[in-house]
Amino acid sequence: MTQNMGTLDRGLRVLVAAPALAALGFFVFTPGSVASIIAFGLAGIMVATAAIGFCPLYVLPGISTCPLRAATGGKGGAATQG
């Protein structure tokens with residue numbers, strides 16, 4: 001699994017998307033509702049993908065925001081350095 005997320009993408013997920021989804025879960029949706037649980041689940045997924053630097057949804061269309069992968073012609077991330 002090579003990284004396909006750049007620093008900006010990872011930062012936005014942790015600093016903007018995850019807190020916004022958590023706020024939706026706390027303040028907009030009824031606590032304990034299905035919508036609230038989905039919002040918290042998505043916030044957790046955002047944090048997890050940012051932590052590992054890999055987004056499975058980016059694989060299908062071939063998206064990569066990782067500058068290292070783009071510089072190597074899509075042949076891999078940090079694991080291919082050396």
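Quick notes on this structure:
- Neighbour-count order for Thr30, Thr7, fewest beta carbons within 10 angstrom listed first: Thr30, Thr7
- Taking a point 7 Å out from the Cα of Leu57 in the direction of its Cβ, the residues of region 14-47 whose backbone N falls within less than 13 Å of it are 17-18, 21, 39, 41-47.
- Compared with the alpha-carbon gap, the fully stretched path from Ala48 to Leu8 is longer by 12.9 nm at 0.36 nm per residue.
Bear in mind these aren't lab numbers, they're just calculated from the coordinates by the rules spelled out. Bear in mind that the values here come from a model prediction, so they are computed numbers and not experimental data. As a convention, Cβ positions derive from the backbone with ideal geometry for all residues, glycine included, and neighbour counts pool all protein chains shown.
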